[in-house]
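K.L.:
Please read through the structure below; I'll follow up with questions.
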Amino acid sequence: MHAGAFNGTQPHAMNEDAHSSRRSQHAVETAGWHLVERVPLARSHETAGDVIARLPGHAYDYAGAVFLADEGRRLLGVIPLPTLLKASPSQPVVELSESAHAVHAGMDQEHIASHAIRHSMPAVPVTDAHGVLLGVVPPMVLLEVLRHEHVEDIHRLAGIKRETAHARAAIEAPPTRGARDRLPWLLIGLAGSGVATFVVASFERALQSRMAIAFFIPGIVYLADAIGTQTEAIAVRGLSLSHAPLGRLMLGELRTGLLIGSTLGLLSFPAVWLAYDDVRLAISVSLSLLAAGAVATTVGLLLPWLLARSGRDPAFGSGPIATIIQYVLSLLIYFGIASLLLL
């Protein structure tokens with residue numbers, strides 16, 4: 001094998017049929033689906049001058065690095081092109097080689113992009129189960145994947161069920177398509193709203209005896225949802241990048257929620273007390289904000305994690321479903337505390 005094309009022969013333009021045939025061997029949106037095959041190769045016994053001399057005249061799909069491989073095409077390392085060009089012509093290429101950080105052909109595209117960021121790689125080599133180099137996921141594909149996942153997550157945060165050509169330009173979509181993409185999760189939210197109505201109705205006696213309790217429902221519900229939304233936005237992408245155990249992440253978010261909730265509670269306590277001259281009402285509102293903050297951050301992390309564990313994109317854990325869960329829980333917390341302290 002020499003530093004020419006991937007198959008060791010003079011490279012030529014890959015026709016569309018060959019490209020489609022290679023793609024059909026791999027699942028959609030995986031490393032094998034996205035890889036390009038024509039990349040420069042080198043052998044361990046060669047020098048930098050040997051490799052550089054053979055680079056011109058080849059139609060590579062990606063030439064930002066030279067890939068060190070043995071006779072069986074098993075990947076041994078990667079030599080970035082700037083490193084190769086500044087090396088002495090007599091320097092062995094094995095001395096220039098860096099760790100390849102290759103991925104397997106079946107890896108999902110989102111994890112490939114995360115892998116590239118984590119290892120500061122402009123392109124990601126792809127190997128089979130035996131370590132044989134299949135090709136490289138090039139920089140432009142990584143950018144396209146990152147954009148695709150970013151747009152998809154924004155739509156799912158908004159409750160749009162999938163990303164399509166219409167979803168990427170949702171504002172231009174026909175009304176029927178827009179409604180079809182958004183309604184499924186909103187219907188779940190509608191059912192949750194019925195549960196929330198039942199919760200409020202269950203505390204009718206408390207509302208009748210102390211009407212002031214009702215004044216703080218919008219504020220507590222809003223703040224709980226806002227805290228949860230912040231956590232969801234962080235968790236949706238953080239779960240794909242972080243390798244920390246769930247317990248540590250949950251503990252960190254719980255502490256964050258308690259800190260946020262206690263801050264909001266301390267700020268609201270004197271305002272409620274002065275406005276309504278009722279210290280127990282002020283305590284109820286403050287404790288509710290404290291508890292709702294802790295619960296909101298926990299739900300905001302746990303729901304995306306559960307969906308990720310089930311094989312679904314964690315972005316589905318955000319939006320209407322998480323909102324209605326936090327809405328119901330914050331009502332239960334507030335009415336429960338108010339009933340204990342005020343009745």
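K.L.:
Mind telling me which of the residues Pro245, Pro304 ends up being open to solvent by 60 Å² or more (accessible area, probe 1.4 Å) and closer than 23 Å to His115 by Cα? Break it down into steps so the answer makes sense when it comes.
P.N.:
Values: Pro304 fails: open to solvent by 60 Å² or more (accessible area, probe 1.4 Å).
So the residue among Pro245, Pro304 that is open to solvent by 60 Å² or more (accessible area, probe 1.4 Å) and closer than 23 Å to His115 by Cα is Pro245.
K.L.:
Within region 186-222, can you find the residues that are open to solvent by less than 50 Å² (accessible area, probe 1.4 Å) and within 25 Å of the chain's Cα centre (by Cα)?
P.N.:
Gly189
K.L.:
A further question follows. Considering only residues that are open to solvent by 40 Å² or more (accessible area, probe 1.4 Å) and more than 18 Å from Ala123 (Cα to Cα), which ones fall in region 50-69?
P.N.:
Selection gives Asp50, Ile52, Ala53, Arg54, Pro56, Gly57, His58.
K.L.:
Which condition number does Leu75 fail, the rest of (1) closer than 14 Å to His45 by Cβ; (2) in contact with a strand residue (DSSP E or B) (Cβ under 7 Å, 6 or more places away or on another chain) being met?
P.N.:
Evaluating Leu75 over (1) closer than 14 Å to His45 by Cβ; (2) in contact with a strand residue (DSSP E or B) (Cβ under 7 Å, 6 or more places away or on another chain) leaves (1) as the failure.
K.L.:
Condition first: at pLDDT below 90, open to solvent by 40 Å² or more (accessible area, probe 1.4 Å) and part of a loop (DSSP other than H, G, I, E, B). Can you find one or more residues in region 29-49 that meet it?
P.N.:
Yes, region 29-49 contains a residue that is at pLDDT below 90, open to solvent by 40 Å² or more (accessible area, probe 1.4 Å) and part of a loop (DSSP other than H, G, I, E, B).
K.L.:
Same structure again: Do the conditions hold for Ile227, that is, is it closer than 20 Å to Leu340 by Cα and open to solvent by less than 30 Å² (accessible area, probe 1.4 Å)? Quick ask: steps written out before the conclusion?
P.N.:
Numbers: closer than 20 Å to Leu340 by Cα: no; open to solvent by less than 30 Å² (accessible area, probe 1.4 Å): yes.
The answer is no for Ile227.
K.L.:
Just give me the residues in region 186-219 being outside any helix (DSSP H, G or I) and in contact with a Phe, Trp or Tyr (Cβ under 6 Å, 6 or more places away or on another chain), in sequence order. First the steps, then the outcome.
P.N.:
Within region 186-219, the subset outside any helix (DSSP H, G or I) is 203, 210-211, 216.
Of everything in region 186-219, just one residue is outside any helix (DSSP H, G or I) and in contact with a Phe, Trp or Tyr (Cβ under 6 Å, 6 or more places away or on another chain), namely Phe203.
K.L.:
Can you tell me which residue in region 85-131 is nearest to Gly32 (Cα to Cα), limited to those that are among the β-branched types (Val, Ile, Thr) and surrounded by 15 or more Cβ atoms within 10 Å (Cβ to Cβ)? Show your work before the answer.
P.N.:
We begin by selecting, within region 85-131, every residue among the β-branched types (Val, Ile, Thr); these are 93-94, 103, 112, 117, 124, 126-127.
Adding the requirement that they be surrounded by 15 or more Cβ atoms within 10 Å (Cβ to Cβ) leaves 93-94, 103, 112, 124, 126-127.
Values: Val93: 27, Val94: 27, Val103: 10, Ile112: 11, Val124: 11, Val126: 7, Thr127: 9 Å.
Here the residue is Val126.
K.L.:
Have a look at Leu287, Leu340, Leu254, Leu258 and point out the one that is open to solvent by 60 Å² or more (accessible area, probe 1.4 Å), at pLDDT 95 or above and in a helix (DSSP H, G or I).
P.N.:
Leu287
K.L.:
Now for a different question. Among the residues of region 161-179, write down those that are of a type in the set (S, T, N, Q) and either at pLDDT below 70 or open to solvent by less than 60 Å² (accessible area, probe 1.4 Å) (or both).
P.N.:
Of all residues in region 161-179, those of a type in the set (S, T, N, Q) come to 164, 176.
The answer is Thr164, and nothing else.
K.L.:
Condition check: open to solvent by 60 Å² or more (accessible area, probe 1.4 Å) and over 27 Å from the mean Cα position of the chain (by Cα). Does Pro82 satisfy that? Spell out the reasoning first.
P.N.:
Working: open to solvent by 60 Å² or more (accessible area, probe 1.4 Å): yes; over 27 Å from the mean Cα position of the chain (by Cα): yes.
So Pro82 passes the test.
K.L.:
Restricting the search to region 96-125, which residues are touching a residue at least 40 places away in the same chain (Cβ under 8 Å), part of a strand (DSSP E or B) and within 25 Å of His45 (Cβ to Cβ)?
P.N.:
Let us first name the residues in region 96-125 that are touching a residue at least 40 places away in the same chain (Cβ under 8 Å), namely 96, 103-112, 114, 117-118, 122-125.
Of the ones still in play, those that are also part of a strand (DSSP E or B) are 103-104, 108, 124-125.
Across region 96-125, the qualifying residue is only Pro125.
K.L.:
Another question, if that's okay. Given the criteria charged (D, E, K, R), loosely packed, with under 14 Cβ neighbours inside 10 Å, assigned to a helix (DSSP H, G or I) and in contact (Cβ under 8 Å) with a residue 24 or more places away in the chain, does Arg182 qualify?
P.N.:
Numbers: charged (D, E, K, R): yes; loosely packed, with under 14 Cβ neighbours inside 10 Å: no; assigned to a helix (DSSP H, G or I): yes; in contact (Cβ under 8 Å) with a residue 24 or more places away in the chain: yes.
Answer is no for this residue.
K.L.:
If you don't mind, there's one more thing I want to ask. Can you confirm whether Gln25 is among the polar types (S, T, N, Q), at pLDDT below 95, closer than 22 Å to Ala102 by Cβ and not in a helix (DSSP H, G or I)?
P.N.:
yes
K.L.:
So Ile154 passes all but one of these: (1) modelled with pLDDT of 75 or more; (2) within 19 Å of Thr229 (Cβ to Cβ); (3) open to solvent by 60 Å² or more (accessible area, probe 1.4 Å). Which condition number does it fail?
P.N.:
Checking Ile154 against (1) modelled with pLDDT of 75 or more; (2) within 19 Å of Thr229 (Cβ to Cβ); (3) open to solvent by 60 Å² or more (accessible area, probe 1.4 Å), the one that fails is (1).
The values are calculated or read from the model by the stated rules, or taken from the named source; none is laboratory data. Since the structure is predicted, the reported quantities are computational estimates derived from the model, not experimental observations. Backbone-built Cβ (ideal geometry, glycine too); neighbour counts: all protein chains shown. Just so you know, the surface numbers come from the protein's heavy atoms only, side chains and all, with ligands and any DNA or RNA stripped out. Shrake-Rupley method; radii C 1.70, N 1.55, O 1.52, S 1.80 Å.
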